[in-house]
Amino acid sequence: MMKFNKKTGFTLIEVLIAMVVLAVGLLGLAGLQATSLKNNQSAYNRSQATQLAYDIADRMRANAAPDPASGTSMAPYGFAAKYLTTFMTPAAAIQANCNTVTSCTPTKIAENDLFEWNAAIGQALPGSAVGSITVVGDVYTVTINWDDNRDGVVDASDPSFQTSFQL
């Protein structure tokens with residue numbers, strides 16, 4: 001008669017329990033990886049929005065800088081209106097002869113800046129990303145909103161980046 005020693009090897013139930021524990025651990029790692037990728041993409045979008053907000057701020061500062069030839073500022077009292085009213089209407093691309101301050105008015109430069117800025121926002125950020133510029137007194141505020149959760153709508157559940165500056 002054969003006698004089996006109960007202390008040798010694993011039973012089928014022990015193997016199944018070990019596989020369930022391993023599967024739960026691997027599912028946890030897969031969830032962690034998915035969350036990590038989502039947060040990494042969100043951080044990338046925030047850095048893009050930050051760069052784009054500072055880009056338009058620098059463009060506005062450059063357009064408002066004193067003219068090297070005359071020393072007078074390119075930004076008269078109504079400077080804010082150049083970027084704000086142009087923003088409300090669809091900005092058109094300006095021809096290549098309008099890439100320097102000497103061959104183009106500050107208003108046309110503002111229009112070109114906004115056209116390029118809006119195009120860059122659309123390329124760099126997901127969904128229907130939008131940027132806006134507001135002014136209160138002499139403080140300009142640039143706000144960029146994008147569809148971070150990719151539900152097709154930019155709403156309150158999506159993040160935004162906002163920066164304020166003075167010229």
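Laboratory data are not the source of any read-out in this text; all were calculated from the coordinates shown. In this text, all values refer to a predicted model and were calculated from it rather than measured experimentally. A quick note on method: Cβ atoms are made from the backbone with ideal geometry, for glycine too, and the neighbour counts reach across all protein chains shown.
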Burial order of peptide ranges 25-38, 50-63 (average beta-carbon count within 10 Å, highest first)
50-63, 25-38
Of 119-127, 143-151, 156-164, ordering from highest average Cβ density within 10 Å down gives 143-151, 119-127, 156-164
